[in-house]
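A.B. asks: This is the structure I have questions about; it appears just below.
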Amino acid sequence: MSTQNLIIFDTTMRDGEQSPGASMTKDEKLRIARALERMRVDVIEAGFPASSNGDFEAVRAIANAIKDSTVAGLCRANDKDIQRGIDALTGAKSWRIHTFIATSPLHMEKKLRMSPAEVLEQAKLSVRYARNACPDVEFSPEDGSRSEIDFLCRVIEAVIKEGATTINIPDTVGYAVPQQFGDLIRGLREKIPNSDKAVWSVHCHNDLGMAVANSLAAVMIGGARQIECTVNGLGERAGNTSLEEVVMAVRTRSDYFGLETRLDTTQIVPASRLVSQITGFVVQPNKAVVGANAFAHASGIHQDGVLKARATYEIMTAEDVGWATNKIVLGKLSGRTAFKQRLKEIGIELDNEEAYNKAFQRFKDLADKKTEIFDDDLLALVAQEAGVSSEEHWRLVHMNQASGMGERPHAHVVLAEEGKEMTADAQGDGPVDATFKAIEHLAKSESELLLYSVNAVTQGTESQGEVTVRLAKGGRIVNGVGADTDIVVASAKAYINALNKLASKMERLNPQHQL
């Protein structure tokens with residue numbers, strides 16, 4: 001079987017961000033984009049430039065920063081959206097305009113309120129407009145899996161004639177099943193006369209738990225050669241096709257698929273952790289490839305087999321996907337050079353020397369609290385540093401709390417608001433609740449707490465606790481992250497981090513409220 005290339009199109013920062021609460025700042029998107037570039041992802045969909053000024057700036061920053069991947073922006077099928085995408089992307093070494101319009105009867109009638117003839121004309125005009133500025137144009141018929149085949153063929157044939165270089169068929173609502181979806185892609189390619197002039201792609205949602213299976217069926221049965229996916233399967237509703245699953249399926253079963261990707265799979269786990277930290281969406285322990293238990297063996301029979309020969313129960317190794325990084329690397333006596341070198345080795349690059357100095361000081365503070373510092377500690381530390389704005393509206397100066405059996409928990413908090421210190425005391429149902437109430441007494445944000453999540457960064461009672469707090473106010477949803485060996489302090493840091501994002505004018509609105 002001859003080996004062909006499979007293009008990996010990552011949409012974590014666009015479709016993944018549409019998961020409620022997963023909205024990212026420009027700096028957070030840049031960190032994820034750099035991680036995807038280290039992984040050697042072929043195409044990085046950086047966002048939806050027309051959705052907000054914040055997303056436009058994020059897409060432009062990514063386009064200017066990324067050199068080894070194509071950077072794409074999603075645009076509705078109209079000149080205004082497409083021009084906004086062109087303006088955001090033209091600084092990229094390699095860029096793509098991705099335009100779309102719905103083609104299913106339901107979407108055309110109820111959402112677009114357009115006739116099929118109007119949709120066809122709009123699709124042609126949009127691709128023509130994009131192609132005049134960009135040689136790489138992708139077209140997606142939204143809700144393609146529920147569209148009428150004859151009309152879908154007419155639209156696709158027309159946009160290929162206009163210069164579309166990639167045709168992406170979305171299963172927008174996760175309605176397809178593998179054999180049917182594979183047959184759909186094959187049928188379209190056979191019926192459309194100029195189908196060989198474009199790369200065929202698929203974008204599947206996981207509403208019925210079949211996104212990965214549908215994507216791979218489209219590849220094997222239908223001949224698709226691009227899969228659109230997200231890190232950790234992040235996405236609205238039940239999520240998208242998981243990048244890590246399709247990549248490792250193709251690699252592990254190369255005997256069956258006869259395909260290869262250019263990805264550095266050892267960067268999968270670091271990217272997974274980064275996305276989880278930034279979005280606050282915790283990876284379930286039994287998640288394939290990137291879950292904490294993905295390579296754990298509890299059964300005595302399994303353990304015995306693995307010890308004798310790993311291939312007895314492991315079809316891929318933990319090292320293949322980047323699990324080999326959780327080791328002791330630094331300690332209290334480690335210097336700045338060793339610290340900076342280790343960050344580089346685990347794929348972390350900070351913007352400037354000042355950022356390294358601040359991160360190193362946080363490292364020294366942590367080293368005073370725990371004797372063994374792991375790579376995961378460094379990831380949490382840098383994630384916390386990245387979440388701190390250079391212009392903090394709120395800063396935690398001091399806090400303490402007291403709780404005990406039969407006693408009402410109490411918290412004392414000192415915050416600085418733009419340099420001016422203020423003090424508050426509060427009681428609560430627990431030390432964290434009391435701390436949040438004290439902070440809120442000073443901040444008066446009137447925000448709604450949507451999520452409070454705690455995870456141990458490493459093993460043992462000395463482990464840092466990494467806390468994610470999700471706040472909502474006025475249609476804006478933001479995540480705050482904090483880490484500390486004291487879980488209540490970590491909680492306060494996370495809450496204040498979220499408050500600072502709410503106070504920042506640069507924080508974009510939740511994507512669901514944009515369009």
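Taken together, the values in this text are just the output of simple stated rules run on the coordinates, not laboratory data. The structure displayed is predicted, hence computed values, not measured ones. We place every Cβ from the backbone using ideal geometry, glycine too, and count neighbours over all the protein chains shown.
A.B. asks: Would you please state the base-10 log of I(q)/I(0) at q = 0.33 1/Å for the range 48-90, with intensities from the Debye formula using one equal scatterer on every alpha carbon?
C.D. replies: Log10 I(q)/I(0), no solvent term: -1.17.
A.B. asks: Please give the peptides 404-410, 55-61 ranked by average Cβ packing (other Cβ atoms within 10 Å per residue), highest first, as a rough proxy for protection.
C.D. replies: Highest to lowest by the protection proxy: 55-61, 404-410.
A.B. asks: While we're looking at this one, here's another question. For residue 102, which sequence-distant residues (separation of 5 or more, or a different chain) have an amide H within less than 5 Å of its own amide H, given hydrogens modelled in the peptide plane?
C.D. replies: 142
A.B. asks: Label the range 37-128 by shape, choosing from rounded, prolate and oblate, from the square roots a ≥ b ≥ c of the eigenvalues of the Cα gyration tensor; if a/c is under 1.5 it is rounded, and otherwise prolate applies when a/b is larger than b/c, oblate when it is not. Display every interim value, and only then the final one.
C.D. replies: Numbers: a/c = 2.49, a/b = 2.20, b/c = 1.13.
Prolate.
A.B. asks: Another question about this same structure. At a 10 angstrom cut-off on C-beta neighbours, averaged per residue, how do the peptides 210-222, 431-443 rank from highest to lowest?
C.D. replies: The most tightly packed comes first, giving 210-222, 431-443.
A.B. asks: Could you tell me how many degrees, from 0 to 90 and to the nearest 10, lie between the Cα long axis of helix 487-503 and the main elongation axis, the longest principal axis, of the Cα atoms of the chain?
C.D. replies: Once rounded, the angle reads 50 degrees.
A.B. asks: Please list, short to long, the whole-number percent of alpha-carbon pairs of the range 146-269 in consecutive 10 angstrom bins beginning at zero.
C.D. replies: Reading upward from the zero bin: 14, 44, 33, 9, 0.
A.B. asks: Rounded to the nearest 10 degrees, what's the angle between the helix 53-65 long axis and the longest principal axis of the chain, both from Cα atoms, 0 to 90?
C.D. replies: For helix 53-65, the angle is close to 80 degrees.
A.B. asks: Could I ask something else about it? Describe numerically, in nm with one decimal, the distance between label points set 7 Å from Cα along Cα→Cβ at residue 173 and at residue 40.
C.D. replies: 4.0
A.B. asks: Moving on. Cross-link candidates for residue 437: which lysines have Cα within less than 23 Å, leaving aside residues fewer than 8 places away along the same chain?
C.D. replies: 420, 473, 493, 501
A.B. asks: Based on the Kirkwood radius over alpha-carbon pairs, what value in µm²/s does the Stokes-Einstein equation return for the translational diffusion coefficient of the range 158-218 at 20 °C and 1.002 mPa s?
C.D. replies: Once the numbers are plugged in, D ends up at 180 µm²/s.
A.B. asks: Further question: Between residue 397 and residue 255, what FRET efficiency follows from the Cβ-Cβ distance if R0 is 56 Å, with the result rounded to 0.05?
C.D. replies: Details: r = 61 Å, r/R0 = 1.08.
Calculated value: 0.40.
A.B. asks: Note the listed values [x] 235; [y] 165; [z] 180, then indicate which one is volume of the Cα convex hull per residue in Å³ calculated from this particular structure.
C.D. replies: [y]
A.B. asks: Continuing with this model, one more query. Past 30 Å, Cα to Cα, is the threshold; run 80/197; 344/444; 67/191 against it and keep the listed order. Intermediate results must be reported in sequence, preceding the final value.
C.D. replies: Numbers: 80/197 27 Å; 344/444 40 Å; 67/191 37 Å.
Distance filter (> 30 Å) returns 344/444; 67/191.
A.B. asks: What is the fewest-to-most order of 129, 256, 356 by other Cβ atoms lying within 10 Å of their Cβ?
C.D. replies: 256, 356, 129
A.B. asks: Right, something else. Simple spin-label model, 7 Å along Cα-to-Cβ: residue 453 to residue 319 in nm?
C.D. replies: It works out to 3.1 nm between the two label points.
A.B. asks: Right, here's the next one. Tell me, in nm to one decimal, what length is gained between residue 284 and residue 208 on full extension, where the rule is 0.36 nm per residue of separation less the Cα-Cα distance?
C.D. replies: 25.6 nm
A.B. asks: Continuing with this model, one more query. Starting from the Cα of residue 117, step 7 Å along the direction of its Cβ; do the same at residue 332; then give the gap between the two resulting points in nm.
C.D. replies: The answer from the label model is 8.1 nm.
A.B. asks: Related question: What do you get for the angle between helix 375-386 and the principal long axis of the chain? Use alpha-carbon atoms, 0 to 90 degrees, nearest ten.
C.D. replies: 90
A.B. asks: Going by average Cβ density within 10 Å per residue, which order do the peptides 333-345, 152-164 take, highest to lowest?
C.D. replies: Values: 333-345: 14.1, 152-164: 20.9.
Going by the mean number of other Cβ atoms within 10 Å, highest first, we get 152-164, 333-345.
A.B. asks: Order by neighbour count: 195, 23, fewest other Cβ atoms within 10 Å first, most last.
C.D. replies: Ascending number of Cβ neighbours within 10 Å: 195, 23.
A.B. asks: Need one number: % antiparallel among DSSP beta bridges in the chain, to the nearest 5.
C.D. replies: Of all bridge pairs located within the chain, approximately 50 percent are antiparallel.
A.B. asks: Between residue 191 and residue 358, what FRET efficiency follows from the Cβ-Cβ distance if R0 is 51 Å, with the result rounded to 0.05?
C.D. replies: On the way: r = 59 Å, r/R0 = 1.15.
Working from the Cβ atoms, E equals 0.30.
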